[in-house]
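To keep things clear, I will list the structure first and then write my remarks on it.
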Amino acid sequence: MSDISEDDEIEESAAPLLDHLIELRSRLIWCVVYIIVAFFVCFYFADDIYNFLAQPFVDVAREHGKEPTMIFTGLQDKFFVNIRLSFYVALCVTFPMVSMQIWKFVAPGLYKNERHAFLPFLVGTPVLFVMGASLAYYVVIPNAWNFFISYEVGVASEVSKEIGNQAQLHIQSLPAVKEYLSLTILLMFGFALSFQLPVLLLLLARVGLVTADGLAKHRKYMIVGAFAFAAFMTPPDPISQISLAVPVLLLYEISIIVIRLTIKQPEEHV
């Protein structure tokens, strides 16, 4: 009898686990469906999306009095660029729907107060992501491209012009579509990722790993880290680096204020 009861208990405990696995599979299938559908839609409009990303280069090139031109050196390059671009955009577009599926799977296992605590993070993450990517696209990238194009040599001069017996050297910027996409996505993703700092700090504060006083005390290290991160993620011009470091520091200060107002701070013992 004891063996039978033990077997019954095992079967009863296995049943809820099986239900959770079936639900998880269903949620994952929906996530994959969202991404695949968005991918094919983005692939259809891949040229339009790429033209949008290339607009800062077009504007800067025209400011320098040159025809905006890009090249690809491999016959397959543009095709694979469209695939990569479609996949990146599909992930960004479907993020709210994918996160909602994850939330629907996790939420039933949370207490009511825990659900209320995590909802702001679910909403704030995509908003901050878009803000960071927009800052990179509208502010940093145009300044970066203007900085790089300034290294052209003799492009505005006549090709036949000679200096003494030697023709003048012409060095012209002709970016490849593959490299342009990689650099643009790197900058936009780097800025979007850095703007997730408040989400990270608030989560760490809720689980008790950091406090507002502790963050304020280590502010000087954050200043150094922000500029070091900006120097690593942006081109070597001061405008781009300041454009990333200053918003990161502002978000850091805002996070400290929000933590003080929303999370009860433990008393620190000396």
Boolean, F39 is modelled with pLDDT of 95 or more, of a type outside the set (D, E) and either exposed (fewer than 15 other Cβ atoms within 10 Å of the Cβ) or closer than 26 Å to L193 by Cβ (or both): yes
Top-ranked residue of the range 40-85 - restricted to ones that are under 17 Å from L174 (Cβ atoms) and of a type in the set (K, R), ranked as nearest to the chain's Cα centre (by Cα): K78
Residue in the range 14-31 that is nearest to T94 (Cα to Cα), counting only those that are among the hydrophobic types (A, V, I, L, M, F, W, C) and surrounded by fewer than 12 Cβ atoms within 10 Å (Cβ to Cβ): I29
Test result for F87, in a helix (DSSP H, G or I), touching an Asp or Glu at 6+ places or on another chain (Cβ under 8 Å) and either in contact (Cβ under 8 Å) with a residue 12 or more places away in the chain or of a type in the set (S, T, Y) (or both): no
Every residue from the range 71-82 that is surrounded by 15 or more Cβ atoms within 10 Å (Cβ to Cβ) and assigned to a helix (DSSP H, G or I): D77, K78, V81, N82
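Considering every residue within the range 95-116, establish whether at least one is closer than 20 Å to L186 by Cα, surrounded by 13 or more Cβ atoms within 10 Å (Cβ to Cβ) and modelled with pLDDT of 90 or more.
Going through the range 95-116, the residues closer than 20 Å to L186 by Cα turn out to be 95.
Within this subset, residues satisfying the condition of being surrounded by 13 or more Cβ atoms within 10 Å (Cβ to Cβ) are 95.
Right, trim to modelled with pLDDT of 90 or more and you get none.
Within the range 95-116, none of the residues are closer than 20 Å to L186 by Cα, surrounded by 13 or more Cβ atoms within 10 Å (Cβ to Cβ) and modelled with pLDDT of 90 or more.
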Test result for Y252, among the hydroxyl-bearing types (S, T, Y) and over 22 Å from the mean Cα position of the chain (by Cα): no
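The values are calculated or read from the model by the stated rules, or taken from the named source; none is laboratory data. As the structure is a computational prediction, the values presented were derived from the model and not from experiment. Counting neighbours? That spans all protein chains shown, and the Cβs are built from the backbone with ideal geometry, glycine included.
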